[in-house]
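The values are calculated or read from the model by the stated rules, or taken from the named source; none is laboratory data. Predicted model, so just to flag it, every value in this text is computed and none were measured. Counting neighbours? That spans all protein chains shown, and the Cβs are built from the backbone with ideal geometry, glycine included. All accessible areas refer to the heavy atoms of the entire protein, side chains included, with ligands and DNA or RNA removed. Shrake-Rupley method; radii C 1.70, N 1.55, O 1.52, S 1.80 Å.
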Amino acid sequence: MGRFWSLGNSIAILNAIGLSTVMSVSSLVLIAPQSIAQSCYMVTASGKKVALGTLCGEVPPEPTSTTPAAGQSSGPAKNGIYRVPIKRRLASTPVIDVSFNGKTFEMILDTGASSTLITKRMSDRLGLKPTGVRNMIIADGSRVRFPMATVGTVSTGGLTARQLVVTVANNSDIGLLGHDFFGKYDVKIKRNVIEFQPQTE
């Protein structure tokens with residue numbers, strides 16, 4: 001008997017990508033944007049940020065990230081943190097650009113997904129060939145088989161995974177970036193950017 005696997009996504013995400021009838025939601029994880037404390041500040045001629053405390057009545061927007069686009073390999077900042085701009089949100093969940101074998105696609109960053117899922121359209125554009133099947137349990141308890149494929153490189157914001165095995169969903173409109181990509185990093189979802197910081201023991 002094969003090993004069974006399911007994505008622990010929020011119901012909102014499942015509905016958004018059209019998988020509400022095929023994915024198990026037994027390990028439900030709701031994802032919401034974190035509240036980030038903002039401060040009023042000014043930037044000096046040398047580029048240093050100086051906090052102004054309560055002198056300003058309006059909270060300024062978070063500075064725009066200077067992270068390279070997906071697929072560029074500039075590496076992390078000096079503190080080892082990879083930063084990826086948030087393009088938009090779907091069901092309150094971040095959507096980012098991710099490069100698969102050099103081609104860029106929008107992906108939902110899903111901290112509740114154990115594995116990365118791509119759409120059939122993505123698979124066709126990448127010319128991927130099935131390398132196996134993944135058994136999944138749907139809402140009514142029955143078992144469904146989804147094809148798997150291997151992607152040579154998956155990258156975003158300088159963070160890269162190689163030979164990543166992904167699940168291909170026929171009826172999905174957008175993919176999910178899961179723990180098999182960022183599992184070795186602590187993920188912080190900010191207002192306009194996502195930070196990946198290497199985990200320490």
Problem set entry | Average accessible area per residue (Å²) across the stretch 81-201 - probe 1.4 Å, nucleic acids and ligands excluded | 46 Å²
Seminar exercise, completed: Expressed as a percent, the accessible surface of the stretch 116-168 that is carbon or sulfur, using a 1.4 Å probe and the full set of protein chains, is 50 percent
Exercise. Hey, can you rank 111-120, 159-168 by average C-beta count inside 10 Å, highest first?
Worked result: 111-120, 159-168
Exercise. How large is the charge dipole for the stretch 74-157, taken about the Cα centre, if only the Cβ atoms of Lys, Arg (+1) and Asp, Glu (-1) carry charge, to the nearest 20 debye?
Worked result: 120 debye
